[in-house]
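Trainee: One structure, pasted below without further comment.
The values are calculated or read from the model by the stated rules, or taken from the named source; none is laboratory data. Values in this document were obtained by computation on a predicted structure and should not be read as measured data. In this analysis, Cβ positions are derived from the backbone assuming ideal geometry, glycine residues included, and neighbour counts consider all displayed protein chains. Accessible surface is based on the protein model in full, side chains and every heavy atom, while ligands, DNA and RNA are left aside. Shrake-Rupley method; radii C 1.70, N 1.55, O 1.52, S 1.80 Å.
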Amino acid sequence: MSGPLYGLKIIDLSRVLAGPYCTMMLGDMGAEVTKIESVDGGDETRGWGPPFLEGESAYFLCANRNKQGITLNLKTDQGKDILRRLIADADVVVQNFKPGTLERLGFGYDKIKKLNPGIILASISGFGTTGPFSHLPGYDYIIQAMSGLMSITGYRDGEPAKVGVAIADVLTALFTCIGILGALQHRSRTGQGQTVDISLFDSQLAALVNVASNYLCTGNIPERLGNDHPNIVPYQVFAAKDGDFVLAVGNDRQYRKLAKLLEDETLLKEQFETNSGRLVNKDELVRKIAAKIKLKTRTEWKQLLDEAGIPNGPINNVKEALESEQARVREMVVKVDHPVIKDLKLVGSPLKFSETPINMDCPPPLYSEHTEEILIRLGYTNEDIIEMKQLKII
């Protein structure tokens with residue numbers, strides 16, 4: 001027994017990133033996750049490469065550990081019967097078909113709760129099950145554009161820019177995981193299952209946080225600020241003698257320490273005493289600080305700023321971040337045993353539990369890797385399995 005969700009059974013009908021990343025987190029926490037893929041190639045991300053390792057795409061590997069994989073043809077009666085058996089013994093179903101697809105397949109919530117009254121159905125889509133865009137497919141890039149995120153990302157005089165990863169998908173995965181845990185808590189009190197309806201659009205709007213609040217409170221449309229912060233100064237990239245780093249002064253106390261460290265009494269003028277004043281006089285202040293920062297190297301500033309307790313950090317590339325001592329100590333890169341990939345490395349889990357630690361018990365499954373094992377567990381015979389393969393049911 002390990003993991004805080006040990007004993008829970010998850011049926012994963014999702015593909016690509018938001019759904020699989022959500023179910024991977026549940027699997028990391030000890031839930032038993034069964035990933036169901038189509039018989040015509042499966043999860044699209046299996047083909048999203050290069051890079052590939054021994055035929056497995058790096059993209060697929062990032063979101064599918066701690067799962068068993070089965071292929072099913074849900075257009076056939078027997079394929080649907082297998083899914084019914086799986087759902088009848090499950091706690092949660094996660095799916096990201098376009099709204100209405102699951103119902104057309106015969107697995108809408110009204111149907112599956114007859115099989116399993118306590119079942120929780122978590123549905124992920126681009127725009128949710130209601131609203132004028134509910135019928136549209138949801139892609140992270142489109143959501144970043146439509147949610148306003150791209151309008152605030154990039155430089156003021158440049159074009160709108162997306163975030164460098166599929167951030168709307170990742171946020172949606174997190175919100176879906178939180179929603180499932182909430183629904184499980186409700187079920188533990190009442191015995192009732194329910195639906196959880198999560199959309200990429202809603203998730204990304206919620207993640208605009210202070211930028212959205214700035215607009216709602218003032219009516220002023222936020223603009224792109226590059227590496228600057230809309231509410232805090234100085235909180236941006238500065239150029240040292242030998243390169244750039246980030247300086248993040250979060251309060252007036254830290255600012256006074258910075259002014260003392262920079263040895264410039266003009267930085268303590270009345271107009272710079274508070275963050276509000278610094279924001280109003282931002283251009284003048286940043287020029288003064290930038291002139292001082294250029295006089296020393298990044299290493300020199302790192303030592304001085306750390307000693308003064310002023311937040312700062314290097315701008316690492318991905319290699320530097322993943323191979324840092326901090327990442328090593330926090331076990332944020334892990335080696336996983338894989339049937340065909342030697343020494344497979346994956347990003348570790350950020351969840352650190354004192355009593356129920358995260359385990360990487362199962363590598364991302366090969367295509368249809370556990371189909372026979374799962375079917376035998378459900379009571380099918382070897383003869384049944386051979387026949388289903390011939391009929392392309394599995």
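Trainee: Failed condition for Ser203, given (1) assigned to a loop (DSSP other than H, G, I, E, B); (2) in contact with a Ser or Thr (Cβ under 8 Å, 6 or more places away or on another chain), with all others met?
Mentor: Among (1) assigned to a loop (DSSP other than H, G, I, E, B); (2) in contact with a Ser or Thr (Cβ under 8 Å, 6 or more places away or on another chain), the lone unmet condition for Ser203 is (1).
Trainee: Which pairs have Cβ atoms under 9 Å, sit 6 or more apart or on different chains, and link a residue in the range 1-30 that is closer than 14 Å to Thr356 by Cα to one that is among the polar types (S, T, N, Q) and part of a helix (DSSP H, G or I)?
Mentor: none
Residue-by-condition table, conditions (1) more than 17 Å from Lys296 (Cβ to Cβ); (2) surrounded by fewer than 13 Cβ atoms within 10 Å (Cβ to Cβ); (3) hydrophobic (A, V, I, L, M, F, W, C); (4) modelled with pLDDT under 95:
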position: Arg224; (1), (2), (3), (4): yes, no, no, yes
position: Gly243; (1), (2), (3), (4): no, yes, no, yes
position: Ala248; (1), (2), (3), (4): yes, no, yes, no
position: Glu270; (1), (2), (3), (4): yes, yes, no, yes
position: Glu273; (1), (2), (3), (4): yes, no, no, yes
position: Arg278; (1), (2), (3), (4): yes, no, no, no
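Trainee: Going through the range 49-80 one residue at a time, which ones are more than 22 Å from the chain's Cα centre (by Cα) and assigned to a loop (DSSP other than H, G, I, E, B)?
Mentor: Glu54, Gly55, Leu72, Asn73, Leu74, Lys75, Thr76
Trainee: Please state which one of Leu174, Leu181 is open to solvent by 50 Å² or more (accessible area, probe 1.4 Å), under 17 Å from Val94 (Cβ atoms) and in contact (Cβ under 8 Å) with a residue 12 or more places away in the chain.
Mentor: Working: Leu181 fails: in contact (Cβ under 8 Å) with a residue 12 or more places away in the chain.
Just one listed residue meets the conditions, Leu174.
Trainee: Taking the range 184-199 as the search range and keeping residues that are of a type in the set (Val, Ile, Thr) and closer than 18 Å to Ser134 by Cβ, which one is surrounded by the fewest Cβ atoms within 10 Å (Cβ to Cβ)?
Mentor: In this case the residue turns out to be Thr195.
Trainee: Condition test on Ile289, is it in a loop (DSSP other than H, G, I, E, B), modelled with pLDDT of 95 or more and surrounded by 15 or more Cβ atoms within 10 Å (Cβ to Cβ)?
Mentor: no
Trainee: Of all residues in the range 358-375, which are modelled with pLDDT under 95 and touching a Leu at 6+ places or on another chain (Cβ under 9 Å)?
Mentor: Ile358, Met360
Trainee: Could you grab me the full set of residues in the range 367-384 that are assigned to a loop (DSSP other than H, G, I, E, B) and open to solvent by 30 Å² or more (accessible area, probe 1.4 Å)?
Mentor: The answer is Tyr367, Ser368, Glu369, Leu378, Gly379, Thr381.
Trainee: Those residues that are over 20 Å from Ser14 (Cα atoms) and either free of Cβ contacts under 8 Å to residues at least 12 places away in the same chain or of a type in the set (Asp, Glu) (or both), I need them from the range 131-157; list them, please.
Mentor: If the condition is that a residue be over 20 Å from Ser14 (Cα atoms) and either free of Cβ contacts under 8 Å to residues at least 12 places away in the same chain or of a type in the set (Asp, Glu) (or both), then Gly131, Pro132, Asp157 are the ones that fit.
Trainee: Okay, moving on. Which of the residues that make up the range 14-27 are open to solvent by 10 Å² or more (accessible area, probe 1.4 Å) and either part of a helix (DSSP H, G or I) or of a type in the set (A, V, I, L, M) (or both)?
Mentor: If the condition is that a residue be open to solvent by 10 Å² or more (accessible area, probe 1.4 Å) and either part of a helix (DSSP H, G or I) or of a type in the set (A, V, I, L, M) (or both), then Val16, Leu17, Tyr21, Met25 are the ones that fit.
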